[in-house]
1. Out of Gly106, Gly35, report the one residue that is closer than 30 Å to Val154 by Cβ, surrounded by fewer than 19 Cβ atoms within 10 Å (Cβ to Cβ) and either in contact (Cβ under 8 Å) with a residue 24 or more places away in the chain or not small (Gly, Ala, Ser) (or both).
2. What number goes with the only condition from (1) aromatic (Phe, Trp, Tyr); (2) modelled with pLDDT of 95 or more; (3) under 16 Å from the mean Cα position of the chain (by Cα) that Phe159 does not pass?
3. Considering only region 107-197, give the strands (runs of 3 or more DSSP E) lying wholly within it that have at least 2 residues that are small (Gly, Ala, Ser).
4. If you take the residues of region 49-80 that are surrounded by fewer than 20 Cβ atoms within 10 Å (Cβ to Cβ) and among the hydrophobic types (A, V, I, L, M, F, W, C), which of them is modelled with the lowest pLDDT?
5. Take the residues of region 135-178 that are among the hydroxyl-bearing types (Ser, Thr, Tyr) and over 17 Å from Ser86 (Cα atoms): which is surrounded by the fewest Cβ atoms within 10 Å (Cβ to Cβ)?
6. Can you find a residue in region 115-134 that is surrounded by fewer than 19 Cβ atoms within 10 Å (Cβ to Cβ) and at pLDDT below 95?
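The values are calculated or read from the model by the stated rules, or taken from the named source; none is laboratory data. Predicted, not measured: the structure shown is a model, and the values here were computed from it. Here the Cβ positions follow ideal geometry from the backbone for every residue, glycine too, while neighbour counts run over all protein chains shown.
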Amino acid sequence: MKTFLSVAVTLLALFLVAGVASACPYSQNCSIVAGPTELSGNVVCPQFNIGGTVGGISITVTGSITGSIALTNNSGRPQTGSATVSSQFSIASIAGLGSGPAPLSGFTWTNPIFTVSYGTSVVTLDPTQTLTFNGLSGTASATLTDSTQILLYVGSGTFNIPVSTVTGIGIFGGGGQIGASQSTNASATAVVTYDYSTVPEPGTMLLIGCGLAALGTWRLRKR
């Protein structure tokens, strides 16, 4: 009997410790914002609302661009060159948006958070020739973290990530005789991950304790 009680107490203690220390990542996708560049809009993310104590938050923001580039040889002789479209993604730090906290309170970042690019291959254009490259794309991402303003992100509402872009095109080669134009669409999305710990409910622990006590009594009566 003593051995049984010792084992039961040990198991109960281990369960308590495991419950207190269990850390769980909880990730949710945020709604996407998309449109022609220059992009300007909010990626909307849910606050933490499943129970537990949040110890840290990370947000991975991903930006993508798709589109086409047209190269034109404006001279009377063949020209060789290429072009690249680059879009800088930034997060605005402005208050008063959404039903949650001011955008990303507690997080720090440097704009642009990343640059997304796509480009053409190196080509040779005949005089006055125009060559269009379709189906081009690029993507990049960055992760932001917060461990100081946790309570702002706990609730049943949402919070916003205001994302904007600045896009430009660069030409390499051609001696200034190649012109380029681009048509670009941009999109931004995010995944928010809450690292939280859970503690067993008092009712659950009471049921476990009663069950162990009843089992001990049954063993004693059987002997």
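1. On the way: Gly35 fails: closer than 30 Å to Val154 by Cβ.
Of the residues listed, the single one that is closer than 30 Å to Val154 by Cβ, surrounded by fewer than 19 Cβ atoms within 10 Å (Cβ to Cβ) and either in contact (Cβ under 8 Å) with a residue 24 or more places away in the chain or not small (Gly, Ala, Ser) (or both) is Gly106.
2. Every listed condition holds for Phe159 apart from (2).
3. By residue number, 114-119, 130-146, 158-173, 178-197.
4. Going through the qualifying residues, I end up with Ile50.
5. Step one: of region 135-178, the residues among the hydroxyl-bearing types (Ser, Thr, Tyr) are 137, 139, 141, 143, 145, 147-148, 153, 156, 158, 164-165, 167.
Keeping just the survivors that are over 17 Å from Ser86 (Cα atoms) gives 143, 145, 147-148, 153, 156, 158.
Values: Thr143: 14, Thr145: 15, Ser147: 13, Thr148: 13, Tyr153: 26, Ser156: 10, Thr158: 16.
Among residues in region 135-178 that are among the hydroxyl-bearing types (Ser, Thr, Tyr) and over 17 Å from Ser86 (Cα atoms), the one surrounded by the fewest Cβ atoms within 10 Å (Cβ to Cβ) is Ser156.
6. Scanning region 115-134 turns up no residue that is surrounded by fewer than 19 Cβ atoms within 10 Å (Cβ to Cβ) and at pLDDT below 95.
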